[in-house]
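Colleague: Can you keep this structure in mind? I'll have questions shortly.
Each reported figure results from applying straightforward, stated rules to the coordinates on display, with no laboratory input. Treat the numbers as computed from the prediction; the structure is a model and nothing was measured. Positions of Cβ are backbone-derived with ideal geometry, glycine not excepted, and every protein chain shown enters the neighbour counts.
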Amino acid sequence: MVNLNVKIGNIELKNPVMTASGTFGYGEEYADFIDLSQLGGFIVKGTTLHHREGNPYPRMVETPSGMLNAVGLQNHGVDYFINTIYPRIKDIDSQIIVNVSGSNVSDYVEVCEKLAPLEKINAVEINISCPNVKQGGMAFGTTCSGAESVVKAIRKCYNKTMIVKLSPNVTDIAEIAKAVEASGADSVSLTNTFLGMAINTETRKPYLSTITGGLSGACIRPIAVRMVWQVANAVSIPVIGLGGIMNGRDAIEFMLAGATAIQVGTANFIDPAITIKIIEYIQDYMVRHGIEDIKEIIGGMQL
Amino acid sequence: MVNLNVKIGNIELKNPVMTASGTFGYGEEYADFIDLSQLGGFIVKGTTLHHREGNPYPRMVETPSGMLNAVGLQNHGVDYFINTIYPRIKDIDSQIIVNVSGSNVSDYVEVCEKLAPLEKINAVEINISCPNVKQGGMAFGTTCSGAESVVKAIRKCYNKTMIVKLSPNVTDIAEIAKAVEASGADSVSLTNTFLGMAINTETRKPYLSTITGGLSGACIRPIAVRMVWQVANAVSIPVIGLGGIMNGRDAIEFMLAGATAIQVGTANFIDPAITIKIIEYIQDYMVRHGIEDIKEIIGGMQL
Amino acid sequence: MKKYIKDFEIKENISLTAQYSVLKLSPIDGQMPKTLPGQFVQVYVGNSRNTYLRRPISINYIDYDKNELWLLIRDAGEGTNSMIKSPNGSILNLIVPLGNGFSINNGHSLLIGGGVGVAPLLYLGKVLKERGNEVSFLLGARSKCDLLLLDMFSQYGNLFLSTEDGSMGEKGLVTQNSVMQTDFDFIQCCGPKPMMMAVANIAKERNIECEVSLENMMACGIGACLCCVEDTASSGNVCVCKEGPVFNINELKW
Amino acid sequence: MKKYIKDFEIKENISLTAQYSVLKLSPIDGQMPKTLPGQFVQVYVGNSRNTYLRRPISINYIDYDKNELWLLIRDAGEGTNSMIKSPNGSILNLIVPLGNGFSINNGHSLLIGGGVGVAPLLYLGKVLKERGNEVSFLLGARSKCDLLLLDMFSQYGNLFLSTEDGSMGEKGLVTQNSVMQTDFDFIQCCGPKPMMMAVANIAKERNIECEVSLENMMACGIGACLCCVEDTASSGNVCVCKEGPVFNINELKW
């Protein structure tokens, strides 16, 4: 039997396959299709200090091998999560990670302080890269100093595992990753969505109510793999890779580039059971290649 | 009859449809398929001061709705272009623009000085964004100061129209565009390819001999459209839009976002006659929408 | 209701017009999921260059005797076009059933459909009729050739027709059809948004219970992506794919 | 030679094995472009989710009487798979003809093919035979079922076969086939690179003129993208799609 176990900060994942924030709801939406306890972990949707209605409709448009979205962090706020959602999902035998967003440093800190006591939430993913809200954190994620300010403040009050989700909309993502590592993050996840837009040429109006939105899907995978490779070569904390993973082959590609674990996002929309198929593919791949421990694949690209 | 005429710097284009450097050879490769004189213009492949063999094979891999390439500016050098290629193509009744690349400022200057006397070459496109050679200019294209140094030096010695091709691999492309404009460029073209990579998971080797390469094709169009929109709102010189234009609709989309002209790249590989179909589509679109002058479309997105 | 990801075989692809086809599908494993009128499916499109996401299609009809689920497809782009071109015997992967569905009221319902929006009303009319209710259909289209499946509809209720060009039924919009003046207890409506809004206004004036089925653009169809939201009176932005697609007009901010 | 972008109809899609099909194509406009043995076409794949670029396929055979161009397709991925699944009567768009082609020598040529690499040798053998030359085919494959179109090949020359499992012809690689010891004036070869390299070495030892057909990955097929380069003795990096796919082994740095 192959060993799929990986570690991110202080949390153990039974396998490296997680789901990306904002594509998997609170897990419950997928319970009809898969056994959630088979996942290495799942990241619940972006949570903010207060309730957010999100952006007006329309919020999405299909693009070549991908989609643009502009949801804008719609959620009921951290208290609602703690009181209403958490009790429903806490007994799922998988790592439940909360994605945290804020418009200023104190928001991030306050949300993390509220989440810290939850027994079954042993990691947060700090979103400093949401492209879809004016102060959705992308400002923090595009400069080293901005990223440091958020990470250092959270580190002071949050002792569990902190993953920082990086924006790809930067010149040198490795620099940001190094700053985040130096500020006390336990792991980085990349990439968040790419800032894009599309215009309906018949109406001459943008397809999204916010004009620009976040591009995700298979289309951006080659850029995300490159960034994961650059970051994995720049930092010593574990890297979580995501960006257009559609199948098991893609998951292996990210791990060979240096990812310790991966997140499946947009692919969940096309096949709600894809995560389980990816886990099975990884097992078959390891057997086929005579690999006993998944860790042998991490950063295993050969030159 | 609708008016498709647009102006870039001092050159007039009979229509806004051009072809992107490195995807159209010297034009001759497409002479069997289209009447080159119908094009608004075409950009001949990246030309350097000296002969370059380019990168080793393999140089390309297909990706979702796109491709990665790592050609590495293979060309015979500017003198070969002037003595051997130019005489063969100079009588084509279209704007012939030479894409100029270099690894240091003096290279760029010397190539431009050699091209300046050519009667039928009335514009150059300065490539400060080639991701595929160590000193292929991307270093210049990712900082304002780097871009300024190249553009200012060329401006001193080159009086014809100077288009500067921008790299999308930056945090704020509008800042670079503003710096380029302030340094004397007549126009900016964007985007060049996105730095990406792909790994063959069975051999565990990268698909490209250079590991990373430039991503082009429909996949990146939403990002390129967003960047064109941002740059068109930041500068007053004309913007030339490119990045994943596959058909006439896509060309209109870039113009609505603010592009005065567009370049067709990867799509030429899939349909060598696509440029002519795009010109016809634009004419039909204008008639359908009661638009007499193409300039009404430029930046015509409605909010 | 439990949702399934299931392969269906196209038993029959019936081309109604150049633009419309009915696909009669049977589950490969023989197990037809329980569905409600007004629910929809997400169709995976496997053989189209430019279709990335699934396509939401409302359930047109369920034939439990033949174990068939019908989809009424309008050729509205590369995705639906490739469905229409799928030969008999080919396989479609569906996520089914999705959404809430129409209310099954007791009384006389007027089911108003426009264009391809007539699709879910056939299944709804069948169920209402089986429950012993009186059913009337008011179907509108641009012209005669866009009025679809009339023989099927007539099995389950009275038929009232409107065409914009007057080539069949009354000339004009459905809202101008004389049947709108008659009495009934409920209106249930599916079609273009302007039509549904006009119907909603009449319903409000006449104080008649009214449900409409929305078609907001969506990615996942299962309430995960939060893209297809509609702003509602009591709950703000809700997912049309989950809390809808059917809404009582009093819930909408129209 | 003038290149064309042309629609062809699939007159016949003949499945040879689970993995191989021959597509017999006729130009819609009736005008078959002039082609040479060893040239190839770029096929547009319109109904595949994950195929973006065209697929280069070598010309297998030209039947001028029937105005047919044949492609031998191996199911090597989503693009070729969708070609193999294309029904008779469907349309394929080709860019044709591409590349340089084999030399048409006077004398006795041994045409060596491996796997799907046998494709261009059929057309080459036909032309050589028509010019009154003696032709021998040495065809290799993993096993009997991978030896394709033998009846066709036998029309144009002597047949020598090798299979790795010995299920047909001599057991072993083509380079081990006894015919390699006999005399001939030219070798022209197409197949997996290791096979072609082994053949090239023998040709050099025996000082026999030898041409090989390369299959470097390419995007455009017309010499524009410069992706499919091969490093050559006299000209450095050249495009396999334009200066090739056929090279004299003396030109290659093998």
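Colleague: For residue A:302, which inter-copy label distances result when the label point lies 7 Å beyond Cα on the Cα-to-Cβ vector, reported in nm to one decimal and in ascending order?
Modeller: Values, ascending and in nm: 5.9.
Colleague: Given the peptides A:140-151, B:184-195, B:285-296, arrange them by the average over their residues of other C-beta atoms within 10 Å, most packed first.
Modeller: B:184-195, A:140-151, B:285-296
Colleague: How big is the gap, in Å, between the Cα center of the stretch B:54-83 and the Cα center of the stretch B:149-164?
Modeller: With the stretch B:54-83 and the stretch B:149-164 each reduced to a Cα centre, they are spaced 25 Å.
Colleague: Which value results when the Cα radius of gyration for the stretch C:145-202 is divided by 2.2 N^0.38 Å?
Modeller: Cα-based Rg divided by the globular estimate yields 1.14.
Colleague: For chain A, just give the cysteines left without a disulfide-compatible partner, judged by no other Cys Cβ under 4.7 Å.
Modeller: A:112, A:130, A:144, A:157 - these cysteines have no disulfide-compatible partner (Cβ-Cβ under 4.7 Å) in chain A.
Colleague: Let me ask another. Among B:199, A:11, A:237, flag the residue with its Cα farthest along the positive direction of the charge dipole of the protein assembly as shown, charges on Cβ as +1 for Lys/Arg and -1 for Asp/Glu.
Modeller: Farthest along the dipole direction, towards plus: A:237.
Colleague: Need the C-alpha centroid separation for the stretch C:178-254 versus the stretch A:11-33, integer Å.
Modeller: 32
Colleague: Return the tail of the calculated pair distribution for chain A, meaning the percent of Cα-Cα pairs more than 30 Å apart.
Modeller: 25
Colleague: May I pose another question? Given 5 Å bins starting at zero, what is the percent of C-alpha pairs of the stretch C:108-213 in each, up to the one with the largest pair distance?
Modeller: Reading the bins upward from 0: 2, 14, 27, 28, 20, 8, 1, 0.
Colleague: For peptide A:163-171, compute the average count of partner chain beta-carbon atoms within 10 Å of each residue's beta-carbon.
Modeller: Average per residue, whole number: 3.
Colleague: Further, regarding this structure: Taking the protein assembly as shown on its own, what percent of its Cα-Cα pair distances exceed 48 Å?
Modeller: Counting pairs separated by more than 48 Å, the tail of P(r) holds 34 percent.
Colleague: Kindly express, to the nearest 10 degrees and within the range 0 to 90, the angle between helix D:193-206's C-alpha long axis and the longest C-alpha principal axis of chain D.
Modeller: Relative to chain D, helix D:193-206 is tipped by roughly 40 degrees.
Colleague: Something else about it: In bins 10 Å wide, starting from 0, what share of all Cα pairs of the stretch A:132-247 does each bin hold, as a percent?
Modeller: Bin by bin from 0 Å, the calculated values are 14, 41, 31, 11, 3, 0.
Colleague: Further question on the same structure: Using every Cα-Cα pair within the stretch A:178-225, state what percent have a distance larger than 13 Å.
Modeller: Of the Cα pairs, 68 percent sit more than 13 Å apart.
Colleague: Evaluate Rg over Rh across the stretch A:192-281, taking Cα atoms for both radii and Kirkwood's formula for Rh.
Modeller: That ratio is 1.07, to two decimals.
Colleague: Hey, got the average number of other protein chain Cβ atoms within 10 angstrom for residues in B:265-274?
Modeller: Counting other chains' Cβ atoms within 10 Å and averaging over B:265-274 gives 5.
Colleague: Using only C-alpha positions, report the orientation-averaged shadow area of the convex hull of chain C, nm², one decimal.
Modeller: 12.9
Colleague: Let me ask something else about it. Averaging sequence separations of C-alpha pairs under 8 Å and six or more residues apart, then dividing by the length of chain B, give the relative contact order as a whole percent.
Modeller: RCO, chain B: 20 percent.
Colleague: Give me D for the stretch B:10-110 in µm² s⁻¹, whole number, from Stokes-Einstein with Rh from the Kirkwood sum over alpha-carbon pairs, 20 °C and 1.002 mPa s.
Modeller: 144
Colleague: May I pose another question? Over all directions, how big on average is the projection of the convex hull of the alpha-carbon atoms in the stretch D:4-98, in square nanometres?
Modeller: Value for the stretch D:4-98: 5.5 nm².
Colleague: Taking the 0 to 90 degree range and rounding to the nearest ten, how far is the long axis of helix C:119-130 tilted relative to the main principal axis of chain C, both from C-alpha atoms?
Modeller: In chain C, helix C:119-130 runs at an angle near 70 degrees to the longest axis.
Colleague: Let me ask something else about it. Only bridges with both residues in the stretch B:6-296 count here: give the DSSP antiparallel percent, nearest 5.
Modeller: Counting DSSP beta bridges with both partners in the stretch B:6-296, the antiparallel share is about 35 percent.
Colleague: After finding the eigenvalues of the alpha carbon gyration tensor for the stretch A:77-164, what semi-axes result from the square roots of 5 times each, listed largest first in whole Å?
Modeller: So the three semi-axes of the stretch A:77-164 are 23, 13, 11 Å.
Colleague: For the protein assembly as shown, what is the mean residue ellipticity at 222 nm derived from helices alone (per DSSP H run of n ≥ 4: -39500 (n - 2.57); sum divided by total residues; nearest 500 deg cm²/dmol)?
Modeller: -6000 deg cm²/dmol
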